[in-house]
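One structure is given below, encoded as structure tokens.
The values are calculated or read from the model by the stated rules, or taken from the named source; none is laboratory data. Predicted model, so just to flag it, every value in this text is computed and none were measured. Cβ placement follows ideal geometry from the backbone for every residue including glycine, while neighbour counts extend to all protein chains displayed. Accessible surface is based on the protein model in full, side chains and every heavy atom, while ligands, DNA and RNA are left aside. Shrake-Rupley method; radii C 1.70, N 1.55, O 1.52, S 1.80 Å.
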Amino acid sequence: MGTESKRQQRFAGVIQQDLAEMFQRDGSSWAPGAFITVTKVRVTPDLAIARIYLSFLNTKTANTDLEAVRSKTSEIRYKLGNRIKNQARIVPQLEFFLDDTNEYVEHMDKIFEKISKEPRQPE
């Protein structure tokens with residue numbers, strides 16, 4: 001996967017900001033009890049597809065919440081279109097993915113903590 005052009009990065013930034021505001025305002029109706037953050041947005045070179053990475057906080061059912069958000073994709077795309085209509089010719093197709101970076105970091109921290117508690121081997 002090559003590097004993104006300035007145009008892709010700028011468009012992704014617009015989408016990320018608008019989606020973040022939408023999830024802050026309406027996210028509780030899409031995934032009750034979860035705090036949803038938009039961690040990353042990647043846009044294809046033709047700006048037709050936006051891959052959105054979401055992080056779910058305060059929830060144990062992130063996969064279920066992600067499916068709930070995916071089921072509302074057309075509604076979310078419509079609302080996004082109303083927000084970016086003056087900045088884009090087309091509203092990209094939205095694909096939502098789970099950003100599990102925080103879980104990975106916690107897992108690695110536990111491993112390092114376990115390693116540091118083990119007795120040292122004499123050299």
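Remarks
- Screening residue 22 on (1) out of contact with any Phe, Trp or Tyr (no Cβ under 9 Å at 6 or more places or on another chain); (2) farther than 17 Å from residue 90 by Cβ; (3) loosely packed, with under 15 Cβ neighbours inside 10 Å shows it passes everything except condition (3).
- Of all the residues in region 68-123, those that are under 19 Å from residue 33 (Cβ atoms) and open to solvent by 100 Å² or more (accessible area, probe 1.4 Å) number 1.
Residue-wise test of (1) open to solvent by 60 Å² or more (accessible area, probe 1.4 Å); (2) modelled with pLDDT under 90.
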| residue | (1), (2) |
| --- | --- |
| 15 | no, no |
| 32 | yes, yes |
| 35 | yes, yes |
| 42 | yes, no |
| 52 | no, no |
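- Only listed residue being closer than 21 Å to residue 12 by Cβ, assigned to a strand (DSSP E or B) and modelled with pLDDT of 80 or more, chosen from 96, 23: 96
- Residues of region 32-76 classified as of a type outside the set (Gly, Ala, Ser) and not in a strand (DSSP E or B), total: 20
- Residue 62 falls short of the stated requirement of being at pLDDT 90 or above, buried (at least 18 other Cβ atoms within 10 Å of the Cβ) and under 30 Å from residue 3 (Cβ atoms).
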